[in-house]
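Participant: I am attaching a structure below and will ask some questions about it afterwards.
The values are calculated or read from the model by the stated rules, or taken from the named source; none is laboratory data. This structure is a prediction, so every number in the text was calculated from the model and none was measured. Cβ sites come from the backbone with ideal geometry, for glycine too, and all protein chains shown count toward neighbours. Heavy atoms of the whole protein, side chains included, go into the accessibility calculation; ligands, DNA and RNA do not. Shrake-Rupley method; radii C 1.70, N 1.55, O 1.52, S 1.80 Å.
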Amino acid sequence: MLTLWGNVLASGILMGLVYGIIALGLTIIFGVIRIVNFAHGAMVVFGLYVGYCAGAWWGIPTIVAAVGAGALLFVFGYGLETLVVKRFVTRPHHIQFILFIGISLVLSGAQLIAFGPDPRPSVSHLSFETIAVGPIRLDLARLQAATVAAVMILALAGFLKYSTFGRFIRAAADNRLGGLMVGLPIPKIYATTFGIGAACAGGAGALISPLFDAQPFLAVDFTLLAFVTVIVGGLGSFVGALVGGLTIGLTEAFAALLFAPSLKSALSYGLLMIVLIVRPRGFFGAKET
Amino acid sequence: MTDLLELDGVSRRFGGLLAVDNVSFRLKGEGITALVGPNGAGKTTCFNLIAGALPPTQGSIRFGGEIISGFPAEDICRLGIGRTFQVVRPMRDMTVLENVMIGAFSWTRKVSEARDAAREALDMVGLGPKAEAGISRLTLPDRKMLETAKALSTRPRLLLLDEVMAGLRPPEAAAVVAVLRRLAERGLSILLVEHVMRIVMEAAEHVIVLHHGAKIAEGTPRYIVSHPEVVAGYLGEAFRA
Amino acid sequence: MQKKRDALPDRGAVLGCLAAFAVLAMLGGVLNPYLISLLTIVFLFTFIGQSWSIMLGLGGQLSIGHALFVGIGAYSVAVLNIRYGLSPWFGLVVGMALAATIGATLAWLSFRFEVRGIYFALLTIAAAEFSRVVFSGWEFVGGMQGLFFPAQSGPNSFWMLRGDARFYYFVSLAAVLLGVSATALIRLSFLGYVWRAMRDDEDASRALGVRTFLHKILVVSFSGAWAAIGGGLLALVQGSVFPDSIMGMGISVDILVGPIVGGLGTAFGPLIGTLITLPLDHLASAIGNKFGIPGLNNVGYGLALIAAVWLLPDGIWPAIVNSAKSITRLSWFGNLQMEQVKK
């Protein structure tokens, strides 16, 4: 019994770290540019397909595919911000919403054209392998995804905290106008931030490719998952995204254990409603809208 | 007889800064009173405390004998205190008349009644002819008067005016003073926040001086200009400027 | 936002509006069944879009989870009719009451802590998704299998709101006319003024005595009740309700695309926008199917949406009005341009 709980706890934490990195991508974009990336889920699925292709076509290991997906999505995000999103930064929320729905549709449509509507199951052997840590059995795919996610989180935290450009990004998040006045390269900061956010989504997508069958229609689910995570943690907060990710990961894992697997998202939304009622800005939410 | 407005030991703290420090004063039911002081003296904060935009940290504010401190701004407005904003805040989508009608909707739900009241308020401040214009066509003095008309349309007993004459040229300011006098003659009590001393001396019958958040003097304009502390701390410099 | 000052609808506008509706009503007699059913859906989404447009265009509150209210209305009608045989009219009333209550509760929970803007928008989508998941697992309302109205037999019945495609065409058209009139009446009433003031500057409105907390709850509640009527009619037209197709995020998106593309806060924006976007979506799907390329429709529709918000920042209807004015009254156009620059 205790072993079962331990297993569920472990798998919840492992998934939580992956959810955390997805949410981190969403939250960093919001924190700096003050826009909500409603196309985030489509970017996760983008990464999922990269992971799928890498494994199925070229036999590339998932970790390498994740790095590749991250790099690819960074370039995509950087370009998208520079060419399109930039023009919408000061527009009202509902216009931005339509823009990102449009981007999301284009991405999902492109995935549909390329791969068709049928799920593409992973060919990774990792999905079936487990290792034992004491009495707890961890499945390798999750362990690998969580480890890489943790490394990404640490790397991102280090970049934001210690590098010069990372400091620029944090300064811009605190005060856009002030940043402009002291001569920060705001356009470059925004594009880079959006690139980082997209890279988080893409990298995470590739990491979970052994766990999820790639399918274009998953985009909405991942977008909503990312929303739930960041709202629980607090939109715009780095720590909040991680805490939110872990909370949702654990909630889903225990919901599947205690109730029915189909209820796991209901419980996440239930948790979200409770958080909104008690702490509407999440655990670590920013003060201003 | 109870005073219209009564501040009793009112303080407001922002973190470590005591913006308003134990201020007490009373206003009678009519006439023009000015609240003056150098920049950062706590005038606008004091004003926001009365209007309910901020709750005081300490002390009580009474209006017509009833405690109003801590009430939300909309309730204070409905009790009879109208206010303007230092930075004018017209609703950009609406005409001048519609802007003013919003205030009237605090006491009526009839659009026709609100429209009549708004016209009346606009006439009082001399904006009647521009009632149907869009906000973007108004000059700065017009905008200041629009703010005043909006506050008037709520049918206040006390009118709080935050720097309505800042940025105006002398003839424009003189016109505003004339309007305020007319309003005061109609039995309205007006509390002005200003830092242009010369205008205040011309318009107000009673002056309250704030410095570093605290009240340092109160009295007639004549008394204030001769008050040594006021002259030393602030007046001399302002007059020279 | 939009800077129209349509204070009083002038006689020309009213006549033009009635003429447009007369044409649409006559079309109902002659169009082929495909167009009839397409336009019926367009009208219903216009009607729901009007409720959404009131909430954002007048009240200043963005909802990206309006499917919640649509679903509440749809399920109220479906459950009361299918399970208890009650007239859909009862369902519509019950749905309105439920949606109004849920909307008010949601707004109260949110605005009590000064949760505004995008946070409130995210809350609406969370609430919609939560209900969708709950309804998916709730056997009484059909769960994932949904509920089906019995097949229509016998003559059209206004009392039971059951009839053929043409019957629903006219019901939906009437709903849009009702929506246009209601929007115009609200704009002219004290609520319209107060809501617009609140939308433009909340603190300044409070200083003028507007009880913004109360009015924000009211506008969300009102908009929710309105959307619920549309949801109930949509359920009847489709003949069935499923959690995913009536409460899903796709519905929330479809609702707001029309009004935004058409021109937010304008009387005709939702109709014009939905008339263009919804058939465009169908057309894209048809083309995608014809060439056997699934996904082509998503790319096409997505690009159209991006182009719309990029090229027509204020929507199609204001653009039409502006260009009409530029032809008839050049000086007027000059003024409009001035304002645009200042904004």
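Participant: For C:Ser240, enumerate residues with amide H under 5 Å from its amide H, sequence gap 5+ or separate chain, H modeled in the peptide plane.
Facilitator: For C:Ser240, the qualifying residues are C:Phe149.
Participant: Taking the Cα centre of region A:17-217 as the origin and placing charges on Cβ (Lys, Arg +1; Asp, Glu -1), which of A:Pro135, A:Ala39, A:Ile189 is farthest toward the positive end of the dipole?
Facilitator: Sorting the options by dipole projection puts first A:Ile189.
Participant: Mind telling me which of B:Val196, B:Val20, B:Val231 comes out most flexible in a GNM of chain B, alpha-carbon contacts under 10 Å?
Facilitator: Maximum fluctuation in the GNM of chain B, among the listed residues, is at B:Val231.
Participant: Same structure, new question: Which value in Å is the Kirkwood Rh of region A:16-110 over different Cα pairs?
Facilitator: Taking every pair of different Cα atoms in region A:16-110, averaging 1/r and inverting gives 14.2 Å.
Participant: Next question, about the same structure. Could you give me the percent of Cα pairs per 10 Å distance bin for region A:139-289, shortest bin first, beginning at zero and ending with the bin that holds the maximum distance?
Facilitator: 10, 33, 36, 17, 4, 0
Participant: Mind checking which of A:Val151, A:Pro117, A:Val84 is farthest towards the positive end of region A:17-217's charge dipole, using Cβ charges of +1 (Lys, Arg) and -1 (Asp, Glu) about the Cα centre?
Facilitator: Final value for the positive-end residue is A:Val84.
Participant: Calculate one ³J(HN,Hα) per residue across region C:156-167 by plugging θ = phi - 60° into the Karplus curve 6.51 cos²θ - 1.76 cosθ + 1.60, and present them in order as whole Hz with x for glycine and proline.
Facilitator: 4, 10, 5, 5, 8, 6, 10, x, 7, 4, 5, 4
Participant: Still on this structure: Starting from the Cα of C:Ala319, step 7 Å toward the Cβ, then list every residue of region C:277-302 with an amide N under 19 Å from that point.
Facilitator: Residues C:277-284, C:300-302 qualify, since their backbone N sits under 19 Å from the label point.
Participant: Along Cα→Cβ, 7 Å out, is where each label goes; now give me the distance between the ones at B:Glu205 and B:Val179 in nm to one decimal.
Facilitator: Here the answer is 2.2 nm between the modelled labels.
Participant: Give the Cα extents of region A:81-224 along the principal axes, in whole Å, largest first.
Facilitator: Per principal axis, max minus min of the Cα coordinates gives 56, 40, 21 Å.
Participant: Do you know the relative contact order of chain A, to the nearest whole percent, from alpha carbon pairs under 8 angstrom that are 6+ apart?
Facilitator: Reported relative contact order: 38 percent.
Participant: Now for a different question. Tell me which residues come under 5 Å, amide H to amide H, from A:Ala214 once H is placed; ignore anything under 5 positions away on its chain.
Facilitator: Those qualifying (amide H under 5 Å, at least 5 residues apart or on another chain) are A:Arg120, A:Ser122.
Participant: Oh, and also: Please list, ordered by chain and number, the residues whose modelled amide H lies under 5 Å from the amide H of B:Arg83; skip anything fewer than 5 residues away on the same chain.
Facilitator: B:Leu160
Participant: Charges at C-beta only: +1 for Lys and Arg, -1 for Asp and Glu. How large is the resulting dipole of chain B about its Cα centre, in Debye rounded to 20?
Facilitator: Roughly 300 debye for chain B.
Participant: Follow-up question, since we're still on this one. Just the ratio, please: alpha-carbon radius of gyration of chain C over 2.2 N^0.38 Å, N its number of residues.
Facilitator: Dividing the Cα radius of gyration by 2.2 N^0.38 Å gives 1.00.
Participant: Accessible area, 1.4 Å probe, largest first: how do B:His206, B:His227, B:His212 sort?
Facilitator: If we order B:His206, B:His227, B:His212 from most to least accessible, we get B:His212, B:His206, B:His227.
Participant: Next question. Taking 0.36 nm per residue of sequence separation and subtracting the Cα-Cα distance, how much length would be gained by fully extending the chain between B:Asn22 and B:Ala232, in nm to one decimal?
Facilitator: So the extension gain works out to 73.4 nm.
Participant: For chain B, calculate the relative contact order in percent as a whole number, restricting contacts to Cα pairs under 8 Å that are 6 or more residues apart.
Facilitator: 27
Participant: I would also like to ask the following. Output the pairs from A:Lys86/A:Lys264; B:Lys28/C:Lys216; A:Lys86/A:Lys161; B:Lys150/C:Lys216; A:Lys264/C:Lys216; A:Lys86/B:Lys130 with a Cα-Cα distance over 31 Å in this structure; if there are none, say none.
Facilitator: A:Lys86/A:Lys264; B:Lys28/C:Lys216; A:Lys264/C:Lys216; A:Lys86/B:Lys130
Participant: Using the Cα centre as the reference, give the magnitude of the dipole from point charges on the C-beta atoms of region B:86-155 (Lys, Arg: +1; Asp, Glu: -1; all else neutral), rounded to the nearest 20 debye.
Facilitator: 160
Participant: Using a 10 Å cut-off on Cβ to Cβ distances, tally the other chain neighbours for every residue of A:214-221 and report the average as a whole number.
Facilitator: 1
Participant: Using the Karplus curve 6.51 cos²θ - 1.76 cosθ + 1.60 with θ = phi - 60°, what ³J(HN,Hα) values do you get for each residue of region C:53-70, in whole Hz, with x for Gly and Pro?
Facilitator: The phi angles translate into 5, 4, 5, 8, x, 9, x, x, 10, 8, 10, 10, x, 5, 4, 3, 5, 4 Hz.
Participant: Restricted to Cα positions, what overall size does region C:222-318 have along the principal axes? Three whole-Å values, descending.
Facilitator: For region C:222-318, the Cα extents along the three principal axes come out at 39, 35, 18 Å.
Participant: What number results when the radius of gyration of chain A, computed over Cα atoms, is divided by 2.2 N^0.38 Å?
Facilitator: 0.97
Participant: Right, something else. Taking loop as defined by DSSP and a crowding limit of 14 other beta carbons within 10 Å, which chymotrypsin sites (Phe, Trp or Tyr not before Pro) in region C:166-269 fit?
Facilitator: In loop regions of region C:166-269 (DSSP not H, G, I, E or B), there are no sparsely surrounded chymotrypsin sites (Phe, Trp or Tyr not before Pro).
Participant: Also, quick follow-up: Return the FRET efficiency for the residue pair C:Ala174, A:Asp174: r is the Cβ-Cβ distance, R0 is 60 Å, and the value is rounded to the nearest 0.05.
Facilitator: 0.65
Participant: Could I ask something else about it? On the Cα set of region B:1-83, report Rg and Dmax in Å, please.
Facilitator: Over region B:1-83's Cα set, Rg and Dmax evaluate to 12.2, 38 Å.
Participant: Quick one: if you stick a label point 7 Å off each Cα along the C-beta vector at B:Arg92 and A:Ala157, how many nm between them?
Facilitator: Distance between label points: 4.2 nm.
Participant: Moving to a separate point now. How large is the translational diffusion coefficient of region B:48-115 in µm² per second when you combine the Kirkwood radius over alpha carbon pairs with Stokes-Einstein at 37 °C and 0.692 mPa s?
Facilitator: Stokes-Einstein gives a translational diffusion coefficient of 243 µm²/s.
Participant: Anyone know which of A:Phe100, A:Phe38, A:Phe159 comes out most mobile in the 10 Å Cα GNM of chain A?
Facilitator: Among A:Phe100, A:Phe38, A:Phe159, the largest GNM mean-square fluctuation belongs to A:Phe159.
Participant: Continuing with this model, one more query. When the chain is fully extended, how far beyond the present Cα-Cα distance does A:Thr82 get from A:Leu2, taking 0.36 nm per residue of separation?
Facilitator: Stretched fully, the A:Thr82-A:Leu2 segment lengthens by 23.6 nm.
Participant: With N denoting the number of residues in chain B, provide Rg(C-alpha) divided by 2.2 N^0.38 Å, to two decimal places.
Facilitator: Chain B yields a ratio of 0.99.
Participant: In whole Hz, what ³J(HN,Hα) sequence does region B:137-149 give by Karplus (6.51, -1.76, 1.60; θ = phi - 60°), x for Gly and Pro?
Facilitator: After applying 6.51 cos²θ - 1.76 cosθ + 1.60, I find 8, 7, 7, 4, x, 4, 5, 5, 6, 5, 4, 5, 5 Hz.
Participant: Still on this structure, please answer the following. Bins of 5 Å, beginning at zero and ending with the bin holding the largest distance: percent of Cα pairs per bin for region A:1-46, please.
Facilitator: Answer for region A:1-46: a P(r) of 5, 19, 19, 17, 12, 10, 8, 6, 3, 0 percent.
Participant: Once you mark the trypsin sites (Lys or Arg not before Pro) that are in a DSSP loop and have at most 13 other Cβ atoms within 10 Å, what is the longest gap between them in chain B?
Facilitator: That would be B:29-108.
Participant: Which value in nm describes the separation of the simple spin-label points at C:Val30 and A:Ala114, placed 7 Å from the Cα toward the beta carbon?
Facilitator: Using points 7 Å along Cα→Cβ, the separation is 4.8 nm.
Participant: Then there is this: Just B:Pro55, B:Pro221, B:Pro170 to compare: in a GNM of chain B, with alpha carbon springs under 10 Å, which one fluctuates most?
Facilitator: B:Pro170
Participant: Would you compute, for the Cα atoms of region C:1-110, the largest minus smallest coordinate along each principal axis and list the three values in descending order, in whole Å?
Facilitator: 42, 39, 21
Participant: If you average 1/r over all unlike Cα pairs in region B:101-140 and invert the result, what Kirkwood radius do you get in angstrom?
Facilitator: Across region B:101-140, the inverse of the average 1/r is 10.7 Å.
Participant: Continuing with this model, one more query. Using the Cα centre as the reference, give the magnitude of the dipole from point charges on the C-beta atoms of chain A (Lys, Arg: +1; Asp, Glu: -1; all else neutral), rounded to the nearest 20 debye.
Facilitator: Dipole about the Cα centre, nearest 20: 860 debye.
Participant: Mind jotting down the distance between the C-alpha centroids of region C:215-258 and region A:243-279, whole Å?
Facilitator: 26
Participant: Any chance you could tell me what percent of the C-alpha pair distances in the protein assembly as shown go past 36 Å?
Facilitator: Tail of the P(r) past 36 Å holds 55 percent of the pairs.
Participant: Given the convex hull over the Cα atoms of region B:86-155, what projected area results after averaging over all orientations, in nm²?
Facilitator: 4.1
Participant: Shifting gears a bit: With unit charges on the beta carbons (Lys and Arg positive, Asp and Glu negative) and the dipole taken about the Cα centre of region B:86-155, which residue among B:Gly134, B:Val88, B:Ala114 sits farthest to the positive side?
Facilitator: Value: B:Val88.
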